[in-house]
Each structure stands twice: as C-alpha cells, then as structure tokens.
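Working notes for the structure below.
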C-alpha cells in the first residue's frame, strides 16, 4: 500500500510518536510524506520515506497523487485551530472522490493502521 503522511508543525511530534508505535506495520508499505514531516518520521523511526516538497507545494504534489489514485491511505495530523486552506480541502475532496481512507487525528489513524495490519484495506488492490 502507498501511505501518505502530512502534519502541521505542532503535530509533527505526535506523528513521530505514532510512527514509532506502528513502525512494524508501516515498514511493509511504501511511505510518502511532505518533506518536513517525512524527515521527522525518518529520524525517529529509520523508515524509508519518499519525500515530497516542503509545505504547500508538497501538499499540492500529494493532492495530485491522490487525484490520480496513487495513494491508498492518508494520515494528516492537522491543527484544528488552523484555518483550512485550499490544499487541505483538495486533499480531502480527492480522497472522497477516489474512496481513499484518511485520518485527521490519532484516534482515526490508529483504527486505519490496525485495519491495514488486518488487511482490511486489501480491497484497494482490487480497484486497480
């Protein structure tokens, strides 16, 4: 599975902890992240991360991959106090249009990753 990660600055430590906790599950998949989020994950876990650009440009690159159905799961730890921007709206819109599961908080992310472990998301392979 192709799993994408993005996190607002004040959620990067939480993302790092999340990836440490689920490293054994994540290591069997292709991981993609915006540059700063990916660097944080890599430093904390040693996981191989395909790095996109920083910030908004990275979110746009990720949005393009989601729109082309090249991503199977999105984990986006975002600051609920930060205003949604166009890039965020488009990420979620493309996920909804392509039936790509996504999490915006750790509770939902844990449910999705545990489902990934049980191969509950294997139906994505059937769509290709």
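The condition (being touching a helix residue (DSSP H, G or I) at 6+ places or on another chain (Cβ under 9 Å), at pLDDT 95 or above and exposed (fewer than 15 other Cβ atoms within 10 Å of the Cβ)) is satisfied by just one residue among 82, 43: 43. Are any of the residues in the stretch 71-89 part of a helix (DSSP H, G or I) and closer than 20 Å to residue 107 by Cβ? Yes.
Hey, could you check the stretch 92-107 for residues that are without any contact (Cβ under 8 Å) to a residue 40 or more places away in the chain and in contact with a strand residue (DSSP E or B) (Cβ under 8 Å, 6 or more places away or on another chain) and say which is surrounded by the fewest Cβ atoms within 10 Å (Cβ to Cβ)? Among those that are without any contact (Cβ under 8 Å) to a residue 40 or more places away in the chain and in contact with a strand residue (DSSP E or B) (Cβ under 8 Å, 6 or more places away or on another chain), it is 105. All but one of (1) touching a helix residue (DSSP H, G or I) at 6+ places or on another chain (Cβ under 6 Å); (2) free of Cβ contacts under 8 Å to residues at least 12 places away in the same chain hold for residue 57, so report the exception by its number. In the conditions (1) touching a helix residue (DSSP H, G or I) at 6+ places or on another chain (Cβ under 6 Å); (2) free of Cβ contacts under 8 Å to residues at least 12 places away in the same chain, residue 57 misses (1) alone. Quick one: would you say residue 28 is out of contact with any strand residue (DSSP E or B) (no Cβ under 8 Å at 6 or more places or on another chain) and at pLDDT below 95? Judged against the criteria, residue 28 is a match.
Among the residues of the stretch 1-40, the ones that are in contact with a helix residue (DSSP H, G or I) (Cβ under 7 Å, 6 or more places away or on another chain), surrounded by fewer than 18 Cβ atoms within 10 Å (Cβ to Cβ) and not in a helix (DSSP H, G or I) come to 1 in all. Looking across the stretch 49-69, the residues that are at pLDDT 95 or above, more than 14 Å from residue 7 (Cβ to Cβ) and not in a helix (DSSP H, G or I) come down to 50, 53.
The values are calculated or read from the model by the stated rules, or taken from the named source; none is laboratory data. Here the structure is a predicted model, which means the values were calculated and not measured. Here Cβ is always computed from backbone atoms with ideal geometry, including for glycine, and neighbour counts include all displayed protein chains.
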